[in-house]
Structure formats: C-alpha cells, structure tokens
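Bear in mind these aren't lab numbers, they're just calculated from the coordinates by the rules spelled out. Just so you know, these numbers come straight off a predicted model, no measurement behind them. Using ideal geometry, Cβ is built from the backbone for each residue, glycine included, and neighbour counts are taken over all protein chains shown.
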Amino acid sequence: MSPIRNIVVLTGAGVSAESGIDTFRDAGGLWEQHRVEDVATPEAFARDPDLVHRFYDARREAIQAKAPNAAHEALARLDAGWPGELLIVTQNVDDLHERAGAKRLIHMHGEHLNAWCIACDTRSRWTGTLIERPACPACGMPGYLRPDVVWFGEMPYRMEEIYAALNKADLFVSIGTSGAVYPAAGFVREARAAGARTLELNMEPSQGSYWFSEARHGPATQLVPQWVD
Ligand code: BV8
C-alpha cells in the first residue's frame, strides 16, 4: 500500500456536537419551525431579514460560550506534527478548530464570527448581534451587514484550493458529517478518483458511507484521538 503523505480532513457539525453546539440534525426543523434550508438562504434573508438575524445572532452568541473538544484538539496535534501536506476543510462556521490550534484550515461555508458588508464588500470580525442593523466598521454604512456564511444556493469559499488538495490526497477522512450537503458531500468521490484511501469517522453511517473504504462509528471525541494518536 502506498505511503500516506497528503491528507485531507473534512469536518461537519458532528465534530462540534460534544462541545455543546447543536448539529443540524438535532436542531433540524425545530428552530422556530423552520428548516435550516429555509433559513440559510439569500431568499429567506430578503424575505425576512429579522428572522435570519435572530437565527444567526443566537448561534453566534452560543458558539462563544463553547470550547473545543478532544476531537478538535487531536486534529490540531495532527496539524502541528504532520510532515506531509494536510488540509482541514470544515463545513462548520464555529471557530473551535482555530481555538484548538489548527492552522491548515479552510472554512468552506464561512465563519459565524465574521460579518460581511454588502455595501462595501468587506468582512469584519463580529462577536455582537446584527439585528439592530449596526454600522459597518469599514465603510460606516448602517444596515448592510449580513452573517459571513455561505447560504444554500451560494458558492462555497476557496473551492479551487480544496479540489487541488483532494486531487493529490493519499488519505481523505470525513468526520461528523451527514453527507447531506453538496459540494462537501461529493469530496469523498473526488478523493477516491485521485486514488486516495477514504475513512469515515461518524456517530452513524452517513448518506455517503457507501463511498468510504473504511468507516468507524461512535463519538468524535473517541474516534478522532484514536485515529490521530
Ligand atoms: C452550491 C452555512 C452552487 C450556514 C450551510 C438547489 C439550488 C442551489 C443549490 C442546490 C439545490 N439543490 C441542491 C443544491 C446544492 C445545495 C445542497 O447540497 N442542498 C442539500 C440540502 C441537498 N448546496 C448548496 O447550495 C451549496 N452551494 O451548491 O452552490 C453554486 C454553483 C455556482 C454558483 C453559485 C452556486 C452551499 C451549501 C452550504 C449551505 N450552508 N451552512 C450555517 O451553518 O448556518 S450547510 C449547513 O448544513 C452546514 O454548514 C453543514 O454543511 C450542513 C449540515 O451538514 P453537517 O455538518 O453534516 O451536519 P448534520 O447535522 O447534517 O450532520 C451531523 C452529523 O454528525 C450526523 O451524521 C451525525 O450522526 C453526526 N454526529 C452527531 N454527533 C456526533 C456525530 N459524529 C461524531 N460524534 C458526535 N458526537
């Protein structure tokens, strides 16, 4: 079997679940009787910006009260010590990977703790709320800040870098994701096509389990340190 040099790790909401951040399956549909797909879209924001601001203001506040768990910490150890190429691609908008120490990281769906000004197109670190339509720190215009997250129908961030890493991966590991959302759910097939081995670490079989050469099921705080260490 060829040696493993280049690794791509994909993480989803399940990697932050044991830090107390709800996954979409847990909160799915329960939030004010709306599905995430109905709230996390540009159309929803145009239709009812207060509803969308309430959804993200509540999640931004919740994230800041949480801490990284053993899975985030194990991935940060891998990042610090792996001599080959490593890329952690997270679908999550929380900052728990960074707070655990991960460096080689891409937030393909954006970051909750950033606000995006649609008047001047700049992003600012934002830990407060947006519902009161505050002024943009860069251009001073009030009422043009939205959460800097990728909604359904919007293009995820840094896709070229992600596909370049997948196309030379020797190992692709998917952690804590249901495989429900594209293009992330298709990454395992890209990696397989490049000849990579594929491993799924998840509480239960995901929608894409079929595509993985190996799968281990259980909590991320057990599976990820076991794999890393
Ligand atoms: C795109 C950010 C194209 C905001 C999110 C029609 C029109 C347009 C697009 C589409 C369409 N139909 C389909 C699509 C594609 C669409 C899509 O995939 N839809 C789905 C519903 C079918 N995708 C998109 O729209 C994407 N963009 O396609 O653009 C394009 C092309 C050209 C030009 C322009 C555009 C954008 C998708 C991104 C959406 N934004 N989030 C926010 O976070 O609020 S997605 C959001 O849901 C999350 O970010 C995450 O990605 C996703 C939920 O997935 P998971 O992370 O997997 O979480 P989930 O709860 O589902 O699962 C958790 C898993 O963990 C479970 O398996 C569970 O068992 C496990 N688990 C739980 N606890 C633990 C655990 N595992 C281990 N240990 C534990 N303790």
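For the chain, the longest principal axis of the C-alpha atoms and the axis of helix 70-81 are separated by about 70°. Counting beta carbons within 10 Å around each of V150, V15 and listing the fewest first gives the order V150, V15. Annotation: amide H-H contacts under 5 Å for L86 (H modelled 1.01 Å from N, sequence separation of 5 or more, or interchain): I7.
Sequence-ordered 3J(HN,Hα) estimates for region 5-22 from the Karplus curve with 6.51, -1.76 and 1.60 and θ = phi - 60° stand at 10, 10, 10, 10, 10, 10, 10, x, 4, x, 6, 9, 4, 7, 8, x, 9, 4 Hz, glycine and proline given as x. Ranking L113, P225, G208 by Cα position along the charge dipole of the chain, where only Lys, Arg, Asp and Glu carry charges on their C-beta atoms, puts P225 farthest toward the positive end.
Any idea what the relative contact order of region 116-165 is, in percent, if you count C-alpha pairs under 8 Å spaced at least 6 apart? Relative contact order of region 116-165: 31 percent. Exposure proxy shown here: for M108, M155, M203, the number of other Cβ atoms within 10 Å sets the order, fewest to most, as M155, M203, M108. Its Cα gyration tensor gives the chain an equivalent ellipsoid; the semi-axes, largest first and in whole Å, are 31, 18, 17. The relative contact order of region 68-157, computed from alpha carbon pairs under 8 Å that lie at least 6 residues apart in sequence, is 24 percent. Given +1 at the Cβ of Lys and Arg, -1 at the Cβ of Asp and Glu and no other charges, the dipole of the chain around its Cα centre is 420 debye to the nearest 20.
Counting only alpha carbon atoms, the long axis of helix 49-64 and the longest principal axis of the chain meet at about 50°.
Per residue of the chain, the DSSP helices (runs of n ≥ 4 H) give a summed -39500 (n - 2.57) that works out to -8500 deg cm²/dmol at 222 nm.
The Rg/Rh ratio for region 154-197 is 0.95, where Rg is the radius of gyration of the alpha carbons and Rh is the Kirkwood radius.
Exposure proxy for I88, I4: other Cβ atoms within 10 Å of each Cβ, ordered fewest to most, give I4, I88. Across region 64-113, the relative contact order, built from alpha-carbon pairs under 8 Å that are at least six residues apart, equals 42 percent.
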